[in-house]
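Reading through the structure tokens given below for one structure.
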Amino acid sequence: MSEQFQMTRRSMLAGAAIAGALTPLVGAASAQAEEAVAKIAPVDIASLPRVKVDLVKPPFVHAHTQKAEGGPKVVEFTLTIEEKKIVVDDQGTEVQAMTFDGSVPGPMMVVHQDDYVELTLINPETNTLQHNIDFHSATGALGGGALTVVNPGESTVLRFKATKAGVFVYHCAPPGMVPWHVTSGMNGAIMVLPREGLTDGQGKSLTYDKVYYVGEQDFYVPRDAQGNYKKYESAGDAYADTLEVMRTLTPTHIVFNGAVGALTGDNALKAAVGEKVLIVHSQANRDTRPHLIGGHGDYVWATGKFRNPPDRDQETWFIPGGTAGAAFYTFEQPGIYAYVNHNLIEAFELGAAAHFTVTGDWNDDLMTSVRAPSGT
Ligand SMILES: [Cu+2]
């Protein structure tokens with residue numbers, strides 16, 4: 001390992017072990033951030049109603065209304081950062097993960113356009129690293145990253161106005177350490193619904209019966225000389241070797257919701273024939289191409305922004321890295337559907353696959369077996 005990659009806990013906390021590309025930006029943004037803190041918000045925040053939301057673990061999403069009731073609110077969320085060991089496949093391969101609230105991806109938040117998001121971010125003393133949060137839905141100060149840098153034992157409160165409607169990624173972005181934290185699991189999504197709810201772009205309202213959140217994650221697990229995955233005591237211990245694998249741009253695992261099989265079998269997503277399901281899919285680091293085998297995306301916002309009319313009747317949709325997308329589908333047949341990244345090597349060999357188990361009556365008109373497979 002080259003000396004450049006050696007790091008101590010102290011240097012990691014300072015974010016100075018590696019001159020990350022963002023470091024000069026962070027310096028400049030800090031001055032702006034101080035100014036932002038000093039300024040008084042133009043809206044009388046104290047007069048707005050407040051709602052406190054308890055977040056739930058993906059693929060589930062906290063209860064919310066699709067159409068906004070009343071005027072803008074301040075919506076309060078809390079995220080606790082947890083550095084923890086996770087197992088990412090059925091071979092017992094371990095990752096020293098960094099998480100928001102203990103899950104990969106972090107929980108999905110839902111607000112309406114022009115609401116204020118007020119996040120309490122907690123970095124408990126039991127952690128070892130510095131973290132922060134960059135909301136792609138926020139405006140200014142590196143998406144909040146420059147205002148939220150917290151060392152172990154610290155917490156912070158950030159408020160931003162959700163001015164853009166859509167689904168957006170959030171992720172950790174500490175100075176000099178951004179890709180390592182993101183590919184260690186520290187990312188999630190927020191959905192900012194139009195106040196009138198979703199529409200097809202032509203005046204028709206689109207109301208979903210269920211929403212699921214799928215967070216796709218690439219992991220870069222180092223191997224030993226025999227090709228076996230290595231285990232480490234902490235994220236810091238794994239850092240140098242992990243960075244070497246990251247620099248190959250070749251993930252060892254690409255998974256949905258933190259592990260191979262996290263959304264298959266008993267953990268399959270559930271739906272019924274006739275149910276309208278919104279699938280929110282994020283990938284904070286790499287491009288992906290979701291596909292529902294045996295179904296479609298009736299309405300798809302591939303780059304996730306609801307002021308654009310959705311694409312209709314899609315077979316596969318493309319989500320660029322650093323983006324969340326949304327697909328709306330009404331299931332029409334029962335059975336088990338695989339929902340995959342249609343780079344099929346990434347799906348079948350590396351893990352990027354989920355299942356939907358759909359109940360209901362089969363429609364022979366849509367499909368029937370005219371003659372079952374048999375010898376001639
Ligand atoms: Cu972090």
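When residue 227 is tested against (1) under 18 Å from residue 86 (Cβ atoms); (2) not in a strand (DSSP E or B), exactly one condition is not met: (1). Residues considered: 227, 265, 188. Of these, the only one that is of a type outside the set (A, V, I, L, M) and crowded, with 19+ Cβ neighbours inside 10 Å is 188.
Does residue 186 count as more than 14 Å from the ligand (Cβ to nearest atom), out of contact with any Pro (no Cβ under 8 Å at 6 or more places or on another chain), in contact (Cβ under 8 Å) with a residue 24 or more places away in the chain and under 30 Å from residue 260 (Cβ atoms)? Quick ask: steps written out before the conclusion?
Numbers: more than 14 Å from the ligand (Cβ to nearest atom): no; out of contact with any Pro (no Cβ under 8 Å at 6 or more places or on another chain): yes; in contact (Cβ under 8 Å) with a residue 24 or more places away in the chain: yes; under 30 Å from residue 260 (Cβ atoms): yes.
Answer is no for this residue.
Okay, residues lined up against (1) within 16 Å of the ligand (Cβ to nearest atom); (2) on the phi < 0 side of the Ramachandran plot; (3) touching a Cys at 6+ places or on another chain (Cβ under 9 Å):
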{"residue": "71", "(1), (2), (3)": "no, yes, no"}
{"residue": "80", "(1), (2), (3)": "yes, yes, no"}
{"residue": "83", "(1), (2), (3)": "yes, yes, no"}
{"residue": "86", "(1), (2), (3)": "yes, yes, no"}
{"residue": "90", "(1), (2), (3)": "no, yes, no"}
{"residue": "116", "(1), (2), (3)": "no, yes, no"}
{"residue": "128", "(1), (2), (3)": "yes, yes, no"}
{"residue": "132", "(1), (2), (3)": "yes, yes, yes"}
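Hey, can you tell me all the residues within the stretch 52-67 that are crowded, with 19+ Cβ neighbours inside 10 Å and over 12 Å from residue 211 (Cβ atoms)? Before the answer, list the steps.
So in the stretch 52-67, the residues crowded, with 19+ Cβ neighbours inside 10 Å come out as 55, 58-59, 61.
The one that is crowded, with 19+ Cβ neighbours inside 10 Å and over 12 Å from residue 211 (Cβ atoms): 55.
Residue-level analysis places residue 150 among those that are open to solvent by less than 10 Å² (accessible area, probe 1.4 Å), within 14 Å of the ligand (Cβ to nearest atom) and assigned by the TED database to the domain that holds residue 69.
Return the residues of the stretch 104-147 that are surrounded by fewer than 22 Cβ atoms within 10 Å (Cβ to Cβ), more than 19 Å from residue 174 (Cβ to Cβ) and not charged (D, E, K, R); say none if nothing qualifies. Matches in the stretch 104-147: 113, 116, 139. When residue 218 is tested against the conditions (1) open to solvent by 40 Å² or more (accessible area, probe 1.4 Å); (2) touching a helix residue (DSSP H, G or I) at 6+ places or on another chain (Cβ under 9 Å); (3) of a type in the set (Asp, Glu), the lone failure is (1).
Do you know which residues across the stretch 231-246 are touching an Asp or Glu at 6+ places or on another chain (Cβ under 7 Å) and open to solvent by 70 Å² or more (accessible area, probe 1.4 Å)? Listed by number, the list holds a single entry, 231. Answer yes or no as to whether residue 320 is of a type outside the set (S, T, N, Q) and either touching a Cys at 6+ places or on another chain (Cβ under 6 Å) or farther than 19 Å from residue 216 by Cα (or both). So residue 320 fails the test.
Being touching a Phe, Trp or Tyr at 6+ places or on another chain (Cβ under 6 Å) and within 14 Å of the ligand (Cβ to nearest atom): is that true of residue 102 here?
Values: touching a Phe, Trp or Tyr at 6+ places or on another chain (Cβ under 6 Å): no; within 14 Å of the ligand (Cβ to nearest atom): yes.
The answer is no for residue 102.
Applying the condition of being open to solvent by less than 10 Å² (accessible area, probe 1.4 Å) and not in a loop (DSSP other than H, G, I, E, B) to the stretch 154-179 and asking which residue is nearest to the ligand (Cβ to nearest atom) yields 170.
The values are calculated or read from the model by the stated rules, or taken from the named source; none is laboratory data. Predicted model only: the values in this text are computed from it and were never measured. Methodologically, a virtual Cβ is constructed for each residue, glycine included, from the backbone with ideal geometry; neighbour enumeration extends over all protein chains shown. Heads up: the accessible areas ignore ligands, DNA and RNA and are worked out on the full protein's heavy atoms, side chains in. Shrake-Rupley method; radii C 1.70, N 1.55, O 1.52, S 1.80 Å.
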